[in-house]
Amino acid sequence: MSSKSLPYSMKDVDYDNAKFRHRSFFKVITQTLFTSKVRRDCQSCSTGKFLALVLLFGLLYLMFTHTSPAYSATDRVGVKNEENHIMKGGSRLGMFWRKPPRLPPRLPPDEKGSDSSFSHEHEKLNAPSNWISRQQSVKKAFIHAWSGYKRYAMGSDELMPLSQRGVDGLGGLGATIVDALDTAMIMGVDEAVSEAGLWIEAHLLDRITHKGQVNLFETTIRVMGGLLSAYHLSIHEEGINMTYTGPNPVIYLETARNLADRLLSAFTSSQTPIPFSDVVLRDSSAHAAPDGLSSTSEVSTLQLEFNYLSAVSGDPKYSIEAMKVLEHMKTLPKVEGLVPIYISPHTGEFSGENIRLGSRGDSYYEYLLKVWLQQGITRDSNLTYLYDMYQEAMKGVRHLLVQKSIPNGLVFVGELPFGSKGSFSPKMDHLVCFLPGILALGATKGITKEKAMRDNLLNFEDLENLKLAEDLAKTCFEMYSVTSIGLAPEIAYFHTEEFTEGGLDGGNKSSKYVHDIIIKPADRHNLLRPETVESLFVLFRITEDPKYREWGWQIFEAFEKYTRVDTGGYSSLDDVTTIPPNRRDKMETFFLGETLKYLYLLFGDTSVIPLDKFVFNTEAHPFPIEGTIKKK
Ligand code: DMJ
């Protein structure tokens with residue numbers, strides 16, 4: 001059921017209908033004849049004169065009340081019955097003196113709900129069987145992606161589906177296997193669960209012991225995150241559809257722990273609470289990136305994973321090291337809660353002034369909220385500072401970064417490349433599309449909007465954030481719709497009063513927003529990223545508005561049409577504005593870890609991985625909210 005408020009109040013509609021309710025002309029005449037004035041005027045009239053007057057009015061009535069055949073034959077398609085009744089019952093004379101009724105405003109297709117033919121279609125689309133079959137299509141896509149990877153790249157980080165081989169872009173830990181494992185568990189693809197599990201049991205520890213340099217953030221969110229979530233899901237019943245067929249789940253925990261012990265050196269070798277960005281696994285040495293800086297999002301997107309490892313292993317050292325980063329960040333100066341995208345592990349200070357919620361900034365804001373949520377009902381009040389930082393940052397986003405495009409008013413989040421005193425850039429990375437989901441989650445803390453409203457749990461800020469979440473989700477969806485192939489570019493710019501650039505649209509001339517969104521040649525690629533479908537999933541769970549499912553389905557269909565490689569796997573694309581798009585020959589691990597998982601959950605039973613009992617790490621690996629962790 002949609003909890004979205006209607007664009008006009010039902011009270012207004014009733015009022016309008018009452019105002020224009022049909023009274024027959026005959027009734028008008030007779031009532032008039034017998035009202036005091038006429039009767040008074042005719043008191044002196046003879047009976048004959050009176051009858052002549054009645055006759056005259058009768059003739060006039062017949063002349064004017066004859067319904068126009070042309071009009072009555074046109075039962076306008078899409079006009080509500082009630083409205084037809086009003087119009088058909090009207091007379092020519094009536095048409096002169098009666099204003100047409102004020103109709104409710106026309107709704108865009110995504111907001112229609114009261115039209116009967118639409119409702120019928122709508123009901124059909126929303127029938128549980130329809131969504132079950134769509135969910136099965138996503139499962140089939142996952143099997144196709146996995147089988148391509150297995151056939152050509154098993155053990156490599158990623159599949160190159162066109163060259164039909166593997167590539168190690170993430171340090172050589174078989175990243176696709178670990179990233180995909182919990183998706184396979186959630187979908188009940190038992191064969192993939194056992195193949196991935198057996199590979200991890202046989203090879204991963206060996207890889208971890210012998211491999212060279214890896215990125216702390218990528219390895220934590222994908223590999224450690226994947227292992228820990230697989231550990232949890234394989235020992236707990238979460239309504240997922242799986243007969244667990246993998247190795248002893250303790251293997252996942254032990255492997256994650258071995259990896260974390262090595263990654264810890266990034267924290268412990270730094271002079272400040274800010275970790276280095278890279279670790280050499282075989283000797284547990286840590287190194288700063290070549291320019292000496294770490295990304296703000298990277299150092300602040302490790303805590304869910306390290307906290308959970310501490311909780312299940314009973315060793316607090318992981319959590320202690322990771323949480324020092326956020327405690328330190330609390331003390332640093334910010335711009336209305338917003339932070340620059342670089343930070344130095346040497347000085348512990350932010351570097352530069354570039355503020356954005358896209359690359360290098362994004363998941364800083366995500367983890368402020370999620371690390372606080374992870375504590376659950378037993379929430380440690382010492383962590384309230386995280387929620388406060390999150391709230392302040394979202395206020396800052398609303399104040400400094402949100403603008404509307406022209407001509408059609410899409411709400412977007414831009415950037416401040418030179419800080420708050422510099423000029424605003426109307427650039428929005430696809431990565432920013434994680435934000436609608438976070439804003440909605442932060443507003444209701446994972447329960448439905450309806451329940452939150454019923455229990456009076458939403459304050460002004462929550463409602464503002466929820467509204468922004470819905471507006472931004474629409475913009476993210478339109479970033480897909482404006483392109484020739486229905487898939488979003490990596491980066492979009494928005495037309496504003498100050499910023500305009502012609503000739504660089506997405507190619508779909510029938511989109512209402514084709515002139516609002518600019519896509520520059522260098523930004524036209526699509527990497528199969530998850531952020532938009534992630535937000536659609538969260539917004540559907542929270543608002544229960546079926547339009548988010550519909551949007552997700554449109555996106556899934558475009559992935560199927562343009563990125564599926566027949567011999568196995570899916571491919572990133574070079575250019576979303578041309579048909580057919582050139583393919584990039586890479587299937588990112590997050591397509592299996594995130595994109596397909598969120599689509600599957602979007603179309604499925606809302607009791608699976610409920611948002612008030614789980615937090616998803618930034619790579620879509622679900623962890624139980626503290627208090628729901630049952631130690632084994
Ligand atoms: C993922 O690895 C994570 O979601 C990360 O936080 C940002 N980028 C990719 C997916 O786009």
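One table, with the values for the structure above:
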{"read-out": "Candidates MET329, MET394 - the one that is more than 30 Å from LEU227 (Cα to Cα), crowded, with 21+ Cβ neighbours inside 10 Å and in contact (Cβ under 8 Å) with a residue 24 or more places away in the chain", "value": "MET394"}
{"read-out": "Complete set of residues in the stretch 563-611 that are under 16 Å from the mean Cα position of the chain (by Cα) and among the hydroxyl-bearing types (Ser, Thr, Tyr)", "value": "THR595, TYR598, TYR600, THR606"}
{"read-out": "Residue, nearest to the ligand (Cβ to nearest atom), within the stretch 509-549, restricted to residues that are out of contact with any helix residue (DSSP H, G or I) (no Cβ under 7 Å at 6 or more places or on another chain) and part of a helix (DSSP H, G or I)", "value": "ASP523"}
{"read-out": "Filter result (crowded, with 24+ Cβ neighbours inside 10 Å, of a type outside the set (Ser, Thr, Tyr), within 16 Å of the ligand (Cβ to nearest atom) and under 23 Å from ASP182 (Cα atoms)) within the stretch 560-600", "value": "MET587, GLU588, PHE590, PHE591, LEU592, GLY593, GLU594, LEU596, LYS597, LEU599"}
{"read-out": "Failed condition for GLY502, given (1) at pLDDT below 95; (2) within 16 Å of the ligand (Cβ to nearest atom)", "value": "(2)"}
{"read-out": "Within the stretch 418-434, considering residues that are more than 16 Å from the ligand (Cβ to nearest atom) and under 19 Å from GLU501 (Cα atoms), the one least open to solvent (accessible area, probe 1.4 Å)", "value": "PRO426"}
{"read-out": "Long-range neighbours under 6 Å by Cβ, at least six apart or interchain, first residue assigned to a helix (DSSP H, G or I) within the stretch 446-459, second open to solvent by less than 80 Å² (accessible area, probe 1.4 Å) and of a type outside the set (A, V, I, L, M, F, W, C)", "value": "LYS449/SER3; LYS449/THR543; GLU450/SER3; ALA452/THR444"}
{"read-out": "Test for PRO610: is it touching a residue at least 40 places away in the same chain (Cβ under 8 Å) and touching a strand residue (DSSP E or B) at 6+ places or on another chain (Cβ under 6 Å)", "value": "no"}
{"read-out": "Within the stretch 342-369, tally of residues that are within 16 Å of the ligand (Cβ to nearest atom), touching a Leu at 6+ places or on another chain (Cβ under 7 Å) and open to solvent by 10 Å² or more (accessible area, probe 1.4 Å)", "value": "2"}
{"read-out": "Filtered residues of the stretch 205-243 (kept if touching a helix residue (DSSP H, G or I) at 6+ places or on another chain (Cβ under 7 Å), of a type in the set (Lys, Arg) and without any contact (Cβ under 8 Å) to a residue 60 or more places away in the chain)", "value": "none"}
{"read-out": "Considering residues of the stretch 435-449 that are farther than 23 Å from ALA492 by Cβ and away from the ligand (no atom under 16 Å from the Cβ) only, the residue most open to solvent (accessible area, probe 1.4 Å)", "value": "LYS445"}
{"read-out": "Subset tally (residues that are under 18 Å from PRO161 (Cβ atoms), in contact (Cβ under 8 Å) with a residue 40 or more places away in the chain and among the acidic types (Asp, Glu)) for the stretch 548-593", "value": "5"}
{"read-out": "Condition met for GLN213 (under 19 Å from LEU263 (Cβ atoms) and away from the ligand (no atom under 16 Å from the Cβ))", "value": "yes"}
{"read-out": "Counted residues, the stretch 372-405 - those being in a loop (DSSP other than H, G, I, E, B) and modelled with pLDDT of 95 or more", "value": "1"}
{"read-out": "Selection status of PRO249, more than 30 Å from GLY419 (Cα to Cα), of a type outside the set (Phe, Trp, Tyr) and open to solvent by 10 Å² or more (accessible area, probe 1.4 Å)", "value": "yes"}
{"read-out": "Subset of the stretch 278-312 [within 16 Å of the ligand (Cβ to nearest atom) and open to solvent by 10 Å² or more (accessible area, probe 1.4 Å)]", "value": "GLU298"}
{"read-out": "Residues satisfying the stated conditions in the stretch 505-526, i.e. buried (at least 17 other Cβ atoms within 10 Å of the Cβ) and of a type in the set (A, V, I, L, M, F, W, C)", "value": "VAL514, ILE517, ILE518, ILE519"}
{"read-out": "Scan of the stretch 262-277 for residues that are within 34 Å of the chain's Cα centre (by Cα) and open to solvent by 40 Å² or more (accessible area, probe 1.4 Å), ordered by number", "value": "PRO273"}
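The values are calculated or read from the model by the stated rules, or taken from the named source; none is laboratory data. Since the structure is predicted, the reported quantities are computational estimates derived from the model, not experimental observations. We place every Cβ from the backbone using ideal geometry, glycine too, and count neighbours over all the protein chains shown. With ligands, DNA and RNA removed, areas are computed over all heavy atoms of the protein, side chains included. Shrake-Rupley method; radii C 1.70, N 1.55, O 1.52, S 1.80 Å.
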